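A.B. asks: For reference, the structure I am asking about is given below.
The values are calculated or read from the model by the stated rules, or taken from the named source; none is laboratory data. All of these numbers come straight from a predicted model, not from anything done at the bench. Counting neighbours? That spans all protein chains shown, and the Cβs are built from the backbone with ideal geometry, glycine included. These area figures cover heavy atoms from the full protein model, side chains too; ligands, DNA and RNA do not enter into them. Shrake-Rupley method; radii C 1.70, N 1.55, O 1.52, S 1.80 Å.
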Amino acid sequence: TSSTIGKLNSSLNTFITNMHSTNCYDTFIASAEQAKDDKGNNLPGGVHVKLRAKEKNWYKLHVGGDLKQNTSSFESSSSPSFSIPEVQMTSSLTLRNSDGNCGMSSIDYNVSQTGSTSFNLCHFQPLFSAPKPGSKSYGLSYKETSHLPTRSYSETSKSLYYLLRSGPPSTVPGSYAELEWRADLRNVMPNLHDSVPYAYDSSDEILAESGPNFKHSLKLTASTNGSFSHKNRHVPYKGLEGTLNVELAGPPGDCGYLKTEVKGGMHIPLYKDMLSSHLHVAVGGIKVLKYG
């Protein structure tokens, strides 16, 4: 029946879209035809589905350079924050379909002109068996950043994370929800004075935050991600958008808080799709949680 054929086409289109979103295939084609028995006779109500796929190269290697913004963790309310772009050398290796289930494993290592380094190891796994397409990812990272030219301190951070996502990947428009667990260990090291060995050459703000600090947190994110915007979710001319972030930090970390942030946007067309008005609103709050 037409209803059955329509459902089949819809399922095949969803399946093909999911396969392309894994970034593991150059082409993925599905076709349906009348099912036949061993003698070549048509089977009533039977449909035979053919799948043809061409996988991308199993690895992707990149070595090069680019510019990055060296942002500071400290922002003064009396002066605007700023960052200085710097050159960095980048290298990365990505293994496609490394587990046979469209998973992708990646590793990258970057070094900047000031000696800042970063290392990231991550595995991404799409989940198509759930009621709604989703994914999971987990990994670890290490980052050593020098702010000595501008803020008289350097810092290191080590992180572990595990993230579950319900909804399409970030490259595809569509609402989604994420739950992320993180463990972050940060160490702020103020600059030593050039002539006085027991003194520091840093501001009181940096000295107050110096030393190791451990944060253990859960973060929930929900976003429309362009599902209510039109034409282009990055540059929409009509529609609505919204994002909710709720983060809870607590034991065994050194800090405890509940932070909530809500962002919303409205896009109103004024002249066809060439001129539109945009309104963005963001509100948030944080409550300190004391324990121990």
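A.B. asks: Give the cross-link partners of Lys54 among the aspartates and glutamates, using a straight C-alpha distance below 14 Å as the criterion and excluding same-chain residues fewer than 8 apart.
C.D. replies: Output for Lys54: Asp26.
A.B. asks: In addition: Could you work out how much longer the chain between Val262 and Ile5 gets when fully extended? Use 0.36 nm per residue separation minus the Cα distance between them, nm to one decimal.
C.D. replies: Numbers: separation 257, 0.36 × 257 = 92.52 nm, distance 4.22 nm.
Taking 0.36 nm per residue and subtracting the Cα distance, the gain is 88.3 nm.
A.B. asks: Additional query: Using 19 Å as the cut-off for backbone N distance, which residues of segment 151-191 belong to the label zone defined by a point 7 Å from the Cα of Asp273 along Cα→Cβ?
C.D. replies: Answer for segment 151-191: 172-174.
A.B. asks: Please list, in order along segment 237-242, the HN-Hα scalar couplings obtained from phi with the Karplus expression 6.51 cos²θ - 1.76 cosθ + 1.60 (θ = phi - 60°), rounded to whole Hz, x for Gly and Pro.
C.D. replies: 10, 7, x, 10, 8, x
A.B. asks: Additional query: Tell me the relative contact order for the chain as a rounded percent, counting alpha carbon contacts under 8 Å between residues six or more apart. Walk me through the intermediate numbers first.
C.D. replies: Working: 642 pairs, mean separation 24.1, N = 292.
Worked out over the chain, it gives 8 percent.
A.B. asks: For segment 116-242, what is the relative contact order in percent, using Cα pairs closer than 8 Å and at least 6 residues apart in sequence? If you can, show how the numbers build up before the last one.
C.D. replies: Details: 280 pairs, mean separation 23.8, N = 127.
That works out to 19 percent.
A.B. asks: State the percent of C-alpha pairs, over all pairs in the chain, separated by a distance greater than 28 angstrom.
C.D. replies: Working: 25001 of 42486 pairs.
Pairs farther apart than 28 Å: 59 percent.
A.B. asks: Here is a further query. At q = 0.11, 0.13, 0.17, 0.18 Å⁻¹, what log₁₀ I(q)/I(0) does segment 160-292 have when each alpha carbon counts as one equal point scatterer in the Debye sum?
C.D. replies: -0.63, -0.76, -0.96, -1.01
A.B. asks: What is the percent carbon and sulfur in the accessible area of the chain, measuring with a 1.4 Å probe over the protein chains and ignoring ligands? Numbers along the way, then the final one.
C.D. replies: Numbers: 10750 of 18670 Å².
Of all accessible area on the chain, carbon and sulfur atoms account for 58 percent.
A.B. asks: Right, another one. Suppose every Lys and Arg Cβ carries +1 and every Asp and Glu Cβ carries -1, with no other charges. What dipole size does segment 127-186 come out with about its Cα centre, to the nearest 20 debye?
C.D. replies: On the way: 8 positive and 5 negative charges, 12 e Å.
Approximately 60 debye in magnitude.
A.B. asks: Okay, moving on. Quick check for you: with a 1.4 Å probe and neighbouring chains kept, what is the accessible area per residue of the chain, in Å²? Before the final figure, lay out each step's value.
C.D. replies: Values: 18670 Å² over 292 residues.
On a per-residue basis, the chain sits at 64 Å².
A.B. asks: Let me ask something else. Tell me, what ³J(HN,Hα) does each residue in segment 19-26 have, in order and in whole Hz, if you take phi through Karplus 6.51 cos²θ - 1.76 cosθ + 1.60 with θ = phi - 60° and put x for Gly and Pro?
C.D. replies: Karplus-based 3J(HN,Hα) across segment 19-26 equals 5, 5, 5, 6, 6, 9, 10, 6 Hz.
A.B. asks: Holding the Cα-Cα limit at 26 Å, pick out from Lys68/Lys287; Lys56/Lys263; Lys136/Lys219; Lys60/Lys263; Lys60/Lys219 the pairs that are longer than that. Before the final figure, lay out each step's value.
C.D. replies: On the way: Lys68/Lys287 33 Å; Lys56/Lys263 38 Å; Lys136/Lys219 14 Å; Lys60/Lys263 36 Å; Lys60/Lys219 31 Å.
Among Lys68/Lys287; Lys56/Lys263; Lys136/Lys219; Lys60/Lys263; Lys60/Lys219, the Cα-Cα distance tops 26 Å for Lys68/Lys287; Lys56/Lys263; Lys60/Lys263; Lys60/Lys219.
A.B. asks: At R0 = 22 Å, how high is the FRET efficiency between Ser31 and Phe128 if r is their beta carbon distance? Nearest 0.05 is fine.
C.D. replies: Details: r = 20 Å, r/R0 = 0.91.
Here the calculated transfer efficiency is 0.65.
A.B. asks: How long is segment 1-44 along each principal axis, judged by its Cα atoms, biggest number first, in Å?
C.D. replies: 39, 25, 9
A.B. asks: Convex hull volume of the Cα atoms in segment 123-211, per residue, in Å³?
C.D. replies: On the way: hull volume 11.9 nm³, N = 89.
For segment 123-211, the hull spanned by Cα atoms encloses 133 Å³ per residue.
A.B. asks: If you don't mind, there's one more thing I want to ask. Taking the Cα centre of each part, how many Å lie between segment 1-65 and segment 83-110?
C.D. replies: Cα centroid to Cα centroid, the span is 29 Å.
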